[in-house]
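Peer 1: Dropping the structure in here first, questions after.
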Amino acid sequence: MSQTGAPFPTSPRGEALRHLGWLLGLGAAVAFFALRHPGLPGGDAGELAAAACAGGLAHPPGYPLHGLLARLAALGPAEGVFVRLNLTSAISLAVAVGLLADAVRRWTSSGLAGVAAGGLLLAAPTTWQYATSLEVFALHLALVAFAGWAFVRAEQAPSPGAWLRFGVSCGLALTHHQTALFVVAPLLVVARRAWRGWTPGVLAGAAPLLLLPLFSQTDTPFSWGDARTLDGFLTHVLRREYGTFRLASRDEAGDGAAAFVGAFLRFEWEQAALAPVVGGAAAAVAAWRRPGGLALAIVAALVGSLGLFGALANLPLDEPLFREVVRRFFLMPHLVLSAVAAAQVGPWLSRRPRLGVALCGALATAGAVRAPRAVPGTLEAYGRALLTQPPGALVLVQGDLVSGVSRALQACAGVASGVRVIDQQHLTYAWYVTRLRRVMPDVTFPGERWHPRAPGAFTLEALLDANATRPVVVCGGLKAGDPVAGRLVPEGLCERRWPPGESLDDEAVWRGLRAPAPLPGDFPSGSWEALAQRDVFDARARPGLFALEQAIARGDEVRWLERAATALREAVEDDPSPAAATWKNLGIAEGRLGRWDAMRAAFERYLAMAPDNDPELPRLRALVDRPRP
């Protein structure tokens, strides 16, 4: 009898199939390798790649074990470094599949139940997405699966070594990703009578945290935080700058636990036709009739990872990109439900082994077929366009995509090493300015950090004045709340700041404008590639706005109005979903040229998507409704 109060039976058939789960993991590794991302992914991958190539810390909580594995993968020639880094996820998630399948086999005494658990995990296209590209979630699933596997083994055959191994698995999971707490803590509570056995293991499993101060010794412009002091270490590990269990450094609340759970159910329906949820509901009914410690631990894990975390997560779910970011956090409860659902069908599958194997293969194939495919070189081309700037330029970036891609290319491929890329969000932290003073001695920082009103801080205007001899380029826009004098003129994907009082040759600027080419490929909504493509299309519309501003400043000079109308018309023709502002600017240009029908058509498109807070909406509606003169 186990300490949970529930038996772990064995059977000859289960023993005969004991290696089937590991074979599934091996097969998954081969498939992940074949479908690996061919280059640099979006999201946090750029930052993780930069830390692997150049050293330093990744964003909180630092992911020390992942950082160590990524550094090993980055060894070797620069060519192909992103592919090698992507393979760390392939190996990690293949291990997760094998551990999950073997844990369920041991739990249920059914090898086919274990295979079904792996199949349900692989049925989700999101599993394949994060198994084939650089991110921390593949290792996260592997460590959570390791904790579950070690727990089942220790329950089946209690021994000091088994409980020590369980403790190590828990420590590794907790020090890698904070959300592991929602699974690990209930298991530790269930195993509380063996606390003397697993406590030393938890401490040993936390050893990767010692890497954080070591990684922080390396000064690079890409490193986050300073873990060399106790306060800096705790700030990083506890995610104080974000907020523990929060997803963004912002004050706004998210959509709440109910919306989060609803989004998870939609995820399960889209990814696995609700099969894990239905199986989990059946298990809940069975556990209600025969409650046990492990059943309660599973319920607590789901309540924590969906209800509690959903209440704390603060990204809005109505924006496609944020919705895709949040979906990564559904993988852990999906893994838990996959195990529970497979346990319910284990006895039935054991009587139909061929059908069970075929079903698992069908589930995994469905996930692989539906997983998103990356277009080779997409974000690398985007990043190189961002970094094509005048030598020695001060490039102010904003946004995870812009900053992450530029970091990765500078750190791993040596692109534009003379360009000084500065993250505007990080400028608000004193540790960032302190580090940049060491790694960018040619850049002057006139204070401790950037803040428009704080004592000892500097304004953005003061920073630009202190580096007035450098070209200043803005990629991703300027951070709100601290206006800067001067003008921003289009410069490829970015904008170049023209200081106030300095003459600007508008004709020379116009002749030098080059609209960036759209990125090749058709990208799903919410993907980082789609966000990069949106940046490209927005940049293609900026020359039209520039021309419109010149025309208005010259009293509606026809030559500049024609330039504006032509550029904006080309922008909306090329863009499958033009921004509302582009339609509005086109309507203004056409109207000032006296082209009533073209103006009305553009304003109609704008009004269909205009923000409600635009004070010009009544006047534009009146223009559209007014009879043609």
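The values are calculated or read from the model by the stated rules, or taken from the named source; none is laboratory data. If you're wondering where the values come from, they're calculated on a predicted model, not measured in any experiment. Glycine also receives a Cβ, built like all others from the backbone with ideal geometry; neighbour counts cover every protein chain displayed. Calculation scope for accessible area: heavy atoms of the full protein, side chains included, ligands and nucleic acids excluded. Shrake-Rupley method; radii C 1.70, N 1.55, O 1.52, S 1.80 Å.
Peer 1: Scanning segment 251-265 for residues that are open to solvent by 70 Å² or more (accessible area, probe 1.4 Å) and either farther than 22 Å from L302 by Cα or of a type in the set (A, V, I, L, M, F, W, C) (or both), which turns out modelled with the lowest pLDDT?
Peer 2: Taking the candidates together, the pick is D251.
Peer 1: Of everything in segment 514-561, what is in contact with a Phe, Trp or Tyr (Cβ under 8 Å, 6 or more places away or on another chain) and surrounded by fewer than 17 Cβ atoms within 10 Å (Cβ to Cβ)? Give them in sequence order.
Peer 2: Passing the criteria: P518, R554.
Peer 1: Still on this structure, I have one more. Any idea which of F32, F8 is of a type in the set (F, W, Y), open to solvent by less than 40 Å² (accessible area, probe 1.4 Å), modelled with pLDDT under 95 and over 24 Å from R435 (Cα atoms)?
Peer 2: Exactly one of F32, F8 is of a type in the set (F, W, Y), open to solvent by less than 40 Å² (accessible area, probe 1.4 Å), modelled with pLDDT under 95 and over 24 Å from R435 (Cα atoms), namely F8.
Peer 1: Do any helices (runs of 4 or more DSSP H) entirely within segment 156-235 hold 2 or more residues that are of a type in the set (V, I, T), and if so, which?
Peer 2: 160-176, 181-190, 195-205
Peer 1: Oh, and also: Name the single residue that is farthest from D423 (Cα to Cα) among those in segment 452-465 being in contact with a strand residue (DSSP E or B) (Cβ under 8 Å, 6 or more places away or on another chain) and not in a strand (DSSP E or B).
Peer 2: A457
Peer 1: Out of segment 489-512, which residues are touching a Pro at 6+ places or on another chain (Cβ under 9 Å), open to solvent by less than 30 Å² (accessible area, probe 1.4 Å) and not in a helix (DSSP H, G or I)?
Peer 2: Within segment 489-512, P490, L493, R497 meet the criteria.
Peer 1: Return the only residue of T365, T378 being open to solvent by 40 Å² or more (accessible area, probe 1.4 Å) and hydroxyl-bearing (S, T, Y).
Peer 2: Every option except T365 fails the conditions.
Peer 1: Filter segment 182-237 down to the residues that are among the acidic types (D, E) and surrounded by fewer than 18 Cβ atoms within 10 Å (Cβ to Cβ), then identify the one that is nearest to the chain's Cα centre (by Cα).
Peer 2: Step one: list which residues in segment 182-237 are among the acidic types (D, E), which gives 219, 226, 231.
Adding the requirement that they be surrounded by fewer than 18 Cβ atoms within 10 Å (Cβ to Cβ) leaves 219, 231.
Numbers: D219: 24, D231: 27 Å.
Out of the qualifying residues, it is D219.
Peer 1: Moving on to the next point. Consider only pairs whose beta carbons are under 7 Å apart and that are at least six residues apart or on different chains; among these, list those whose first residue lies in segment 365-377 and is closer than 12 Å to G39 by Cα and whose second residue is at pLDDT below 90 and not aliphatic (A, V, I, L, M).
Peer 2: Close Cβ pairs (under 7 Å, with a partner that is at pLDDT below 90 and not aliphatic (A, V, I, L, M)) amount to V375/P520; V375/G521.
Peer 1: What tally of residues in segment 35-49 results from selecting those that are within 21 Å of P77 (Cα to Cα), more than 15 Å from the chain's Cα centre (by Cα) and either open to solvent by 50 Å² or more (accessible area, probe 1.4 Å) or aliphatic (A, V, I, L, M) (or both)?
Peer 2: The number of residues fulfilling the criteria is 2.
Peer 1: Go through segment 384-436 and report how many residues are open to solvent by less than 10 Å² (accessible area, probe 1.4 Å), of a type in the set (G, A, S) and in a loop (DSSP other than H, G, I, E, B).
Peer 2: Within segment 384-436, residues that are open to solvent by less than 10 Å² (accessible area, probe 1.4 Å), of a type in the set (G, A, S) and in a loop (DSSP other than H, G, I, E, B) number 1.
Peer 1: Does G98 count as under 22 Å from the mean Cα position of the chain (by Cα) and either open to solvent by 10 Å² or more (accessible area, probe 1.4 Å) or in contact (Cβ under 8 Å) with a residue 24 or more places away in the chain (or both)? Lay out the reasoning, then the answer.
Peer 2: On the way: under 22 Å from the mean Cα position of the chain (by Cα): no; either open to solvent by 10 Å² or more (accessible area, probe 1.4 Å) or in contact (Cβ under 8 Å) with a residue 24 or more places away in the chain (or both): yes.
Here the answer is no, as G98 does not meet what is asked.
Peer 1: Related question: Do any residues in segment 443-470 that are at positive phi have Cβ atoms under 7 Å from those of residues that are open to solvent by 60 Å² or more (accessible area, probe 1.4 Å) and of a type in the set (D, E, K, R), where the two are at least six apart or on different chains, and which pairs are they?
Peer 2: From residues that are at positive phi, the pairs are G456/E448.
Peer 1: Another question, then. Go through (1) surrounded by 21 or more Cβ atoms within 10 Å (Cβ to Cβ); (2) out of contact with any strand residue (DSSP E or B) (no Cβ under 9 Å at 6 or more places or on another chain); (3) closer than 30 Å to P524 by Cβ and name the single condition R605 misses.
Peer 2: Among (1) surrounded by 21 or more Cβ atoms within 10 Å (Cβ to Cβ); (2) out of contact with any strand residue (DSSP E or B) (no Cβ under 9 Å at 6 or more places or on another chain); (3) closer than 30 Å to P524 by Cβ, R605 violates only (1).
Peer 1: Take segment 565-589 and flag every residue that is in contact with a Phe, Trp or Tyr (Cβ under 8 Å, 6 or more places away or on another chain) and crowded, with 20+ Cβ neighbours inside 10 Å.
Peer 2: If the condition is that a residue be in contact with a Phe, Trp or Tyr (Cβ under 8 Å, 6 or more places away or on another chain) and crowded, with 20+ Cβ neighbours inside 10 Å, then A571, V572, P578, W583, K584, G587 are the ones that fit.
Peer 1: Quick one: V326 ticks every box in (1) of a type outside the set (G, A, S); (2) over 28 Å from G404 (Cα atoms); (3) open to solvent by less than 50 Å² (accessible area, probe 1.4 Å); (4) within 29 Å of the chain's Cα centre (by Cα) except a single one, so which number is it?
Peer 2: (2)
Peer 1: Still on this structure: Among (1) farther than 23 Å from V536 by Cβ; (2) out of contact with any Leu (no Cβ under 7 Å at 6 or more places or on another chain), which single condition is D423 missing?
Peer 2: (1)
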